[in-house]
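Quick one: the structure is below, and I'll ask about it shortly.
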Amino acid sequence: MDAVPLGTTGERVSPLCLGTMYFGSETDPETSRAILDRYYEAGGRFLDTANIYATWVDGYGEPESEPFLGDWMARRSNREELFLATKVGFEYGDVPQSLDPDLIEREVEKSLDRLGTDYVDLLYAHVDDRDTPLAETMAAFDRLVESGTVRHIGASNYYGWRLARANTIAEERGLTPFSCTQPRFSYLVPHRYSDFDRQRPATDELVSYCDDEGLTMLPYSPLLQGCYGRDDRRIPERYVTTENRLKMDAVEAIADRHGVSGNQVVLAWMTQRDPPTVPVVGCSTVAQLEENLGALDLDLAGHELDRVDGIQTLGGLH
Ligand SMILES: NC(=O)c1ccc[n+]([C@@H]2O[C@H](COP(=O)([O-])OP(=O)(O)OC[C@H]3O[C@@H](n4cnc5c(N)ncnc54)[C@H](OP(=O)(O)O)[C@@H]3O)[C@@H](O)[C@H]2O)c1
């Protein structure tokens, strides 16, 4: 797996990041371990979790993903080889939604404890907090970086203008900036009036800001539950638009030509994008992971990328 640069961090990371949201809960421990082992064996080193994963699943009020990863890393003695990302900011249990400095500090301590490590490679603000001044949040993140507890910071679910403002404040005050962002992003673009609650789908402004400033985008829910390659998954309701039907046709035609699945075409489009995005892939079986890893071997021709990009893609205008 050829590593790619990660935003402004100066680091190189795996081109596919493995999302571990349901590991140890909805995805049973044995399968979760098998997925992690296969990803590692294939050369994957970039894992994505969060303090809240997945406390909303029935029967799992406590975080499972972080302790599950902690246990797996301890069994495999491979913590130092991995690039580990976690997140703070959403509510769970008796923890409120907030990016208040004290809360960030407390939650990161808990994450480290669950993960069985004394640092994380990347800490995301999981959601924006309009009640805490950005300067206070950025200063809190900076203290964690200065202490060595956190190596880099990123922002998830931010509007482009809030991300830009946060990084401007950081620059003015000599604080650590957000080096990358994790938005809801796929090839299909949601209907513009869709309500995703506190999730923020990428917008043209976000994409062009990131491209111009060298911030890598790490799309979450990149495959929209696998809908690009499964007969049992339709286009999600909020994505049903005329444009997206054309996009599905384009993906299908390219998939047929290469004898691959539409999900692989979409992942290849993301990793071959200029600049590349690093999809955060979720899988519930090893077979799905195999297929997604296979996307790294799919070389889309220039005219295929042109066709895919020819139907209104985010960030096309600079
Ligand atoms: N920052 C945030 O706010 C945020 C939000 C959501 C997720 N995330 C991160 O992003 C990761 C992925 O999110 P997601 O689960 O929503 O992603 P997704 O790409 O929308 O969906 C993943 C699901 O798609 C199906 N799938 C994946 N690969 C497939 C394949 N090759 N063939 C057929 N089906 C396939 C599987 O569904 P089945 O399991 O039903 O088979 C899998 O569980 C999470 O683990 C998490 O780390 C972050």
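Counting Lys and Arg as +1 and Asp and Glu as -1, what is the net charge of the other residues whose Cβ lies under 12 Å from the Cβ of LEU298? Provide the component values of the computation, followed by the final result.
Numbers: positive: ARG257; negative: GLU291, ASP297, ASP299, GLU304.
Within the 12 Å Cβ shell, the charges total -3.
Sticking with this one: Can you compute the FRET efficiency between ARG234 and GLU62 using 1/(1 + (r/R0)^6), with r the Cβ-Cβ distance and R0 = 35 Å? Round to the nearest 0.05.
Details: r = 34 Å, r/R0 = 0.96.
The value I calculate is 0.55.
Please say if the stretch 124-221 is rounded, prolate or oblate, where rounded means a/c under 1.5 for a ≥ b ≥ c the square roots of the C-alpha gyration tensor eigenvalues, and otherwise the choice is prolate for a/b larger than b/c and oblate otherwise?
prolate
Sort 216-226, 234-244 by the packing proxy (mean of other Cβ within 10 Å over each peptide's residues), most packed first.
Output ranking for 216-226, 234-244: 216-226, 234-244.
Among residues other than SER179 whose Cβ falls under 12 Å from its Cβ, what is the net charge (Lys/Arg +1, Asp/Glu -1)?
For residues surrounding SER179, the net value is -2.
Express in whole angstrom the spacing between the alpha-carbon centres of the stretch 239-318 and the stretch 58-81.
Centre-to-centre distance over Cα atoms comes out at 30 Å.
Under 12 Å from the Cβ of SER194, count the other residues' Cβ atoms, weight Lys and Arg +1, Asp and Glu -1, and hand me the total.
Overall, the nearby charge balance is +1.
Which of rounded, prolate or oblate describes the stretch 1-125 when judged by the alpha-carbon gyration tensor and an a/c cut-off of 1.5? The partial results should precede the final answer.
On the way: a/c = 1.90, a/b = 1.22, b/c = 1.56.
Cα axes put the stretch 1-125 in the oblate bin.
Right, something else. Under the classification rounded if a/c is under 1.5, otherwise prolate if a/b is larger than b/c and oblate if not, where does the stretch 200-318 fall, given a ≥ b ≥ c as square roots of the Cα gyration tensor eigenvalues?
Working: a/c = 1.36, a/b = 1.30, b/c = 1.05.
Verdict is rounded for the stretch 200-318.
Test of understanding: extend the Cα→C-beta vector of ASP118 to 7 Å, then name every residue of the stretch 136-160 with backbone N under 18 Å from that spot.
Hits in the stretch 136-160 for ASP118 at 18 Å: 144-152.
Quick check: Cα centre of the stretch 130-177 to Cα centre of the stretch 206-227, how many Å?
If you average the Cα positions of each part, the centres end up 19 Å apart.
Can you give me the relative contact order of the chain as a percent, contacts being Cα pairs under 8 Å and 6 or more apart?
17
Here, each number is a calculation from the coordinates, and none is a lab measurement. Note that the structure is a prediction, hence the values are computed from the model and not measured. Here Cβ is always computed from backbone atoms with ideal geometry, including for glycine, and neighbour counts include all displayed protein chains.
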